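Take this structure first; my questions come after.
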Amino acid sequence: MPKEPPPLARPGYRPDLRFGNTIVEVKSDLHSFRNLRAALMQLAYYLTEQPDSRGLLVLANPRITDDALKNEWRLAEQTLRPGVLKRLSVAAE
């Protein structure tokens with residue numbers, strides 16, 4: 001019998017909140033691009049396995065400028081599959 005492929009999301013990953021079909025991940029005081037990219041990718045991996053879900057990355061008090069956040073989002077738009085990207089949003093407060 002063929003072996004099932006391993007899940008894409010990191011083993012043990014649990015989003016901060018599930019509200020209906022929306023997966024919410026909250027990051028506070030985010031100050032590095034590495035952590036921002038890791039959060040985006042982890043949520044994208046999770047959405048790949050949950051095709052009926054949407055993802056929202058909430059950045060509370062980010063220490064990255066708005067221009068830098070917009071640039072990172074443009075890079076994500078160029079990198080992620082359209083089917084995942086259209087279900088992924090980022091909000092910064």
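The values are calculated or read from the model by the stated rules, or taken from the named source; none is laboratory data. As the structure is a computational prediction, the values presented were derived from the model and not from experiment. Neighbour counts run over all protein chains shown; Cβ positions are idealised from the backbone, glycine included. Calculation scope for accessible area: heavy atoms of the full protein, side chains included, ligands and nucleic acids excluded. Shrake-Rupley method; radii C 1.70, N 1.55, O 1.52, S 1.80 Å.
Ignoring ligands and nucleic acids, what accessible area does V58 show with a 1.4 Å probe (Å², nearest 10)?
The value for V58 is about 30 Å².
Could I ask something else about it? Given a 1.4 Å probe and the protein chains all in place, what does the accessible area of I64 round to, in Å² to the nearest 10?
20 Å²
Can you sort E77, E49, E72 by solvent-accessible area, 1.4 Å probe, largest first?
Result, largest first: E77, E49, E72.
For R18 and A60, what does the FRET efficiency come to when R0 = 22 Å and r is the distance between their Cβ atoms, rounded to the nearest 0.05?
Numbers: r = 18 Å, r/R0 = 0.83.
It comes to 0.75.
Mind checking the dipole of the chain: about its Cα centre, +1 per Lys or Arg Cβ, -1 per Asp or Glu Cβ, Debye to the nearest 20?
On the way: 14 positive and 11 negative charges, 44 e Å.
In total the dipole reaches around 220 debye.
Let me ask something additional. Out of all DSSP beta bridges with both ends in the chain, state the antiparallel percent to the nearest 5. Working shown, then result.
Values: 3 of 15 bridges.
Beta bridges within the chain, antiparallel portion: roughly 20 percent.
Quick one: net charge of L36's neighbours, Cβ under 14 Å, K/R +1, D/E -1? Spell out each step's value before the answer.
Values: positive: K27, R34, R37, R63, K70, R74; negative: E25, D29, D66, D67, E72.
Within the 14 Å Cβ shell, the charges total +1.
Largest first, what is the accessible-area ranking of T48, T79 with a 1.4 Å probe? Display every interim value, and only then the final one.
Details: T48 45, T79 105 Å².
Final ranking, largest accessible area leading: T79, T48.
Toward the positive end of the charge dipole of the chain, about the Cα centre and with charges on Cβ (Lys, Arg +1; Asp, Glu -1), which of L88, Y45, V26 goes farthest?
Y45
In region 14-61, what percent of the accessible surface is made up of carbon and sulfur (1.4 Å probe, ligands and nucleic acids excluded)? Can you show the working numbers first?
Numbers: 1430 of 2760 Å².
Accessible surface attributable to carbon and sulfur in region 14-61 totals 52 percent.
Might you tell me the accessible area per residue for the chain, computed with a 1.4 Å probe and given in Å²? Don't jump to the answer; show the numbers that get you there.
On the way: 6550 Å² over 93 residues.
Roughly 70 Å² per residue, with all protein chains present.
Can you list the residues, at least 5 places off or on another chain, whose amide H is less than 5 Å from the amide H of V90, using H built in the peptide plane?
Excluding prolines and chain starts, which carry no amide H, the hits are L57.
With each pseudo-label sitting 7 Å past Cα toward Cβ, what's the F33-E93 distance in nm, one decimal?
So the label points at F33 and E93 sit 2.7 nm apart.
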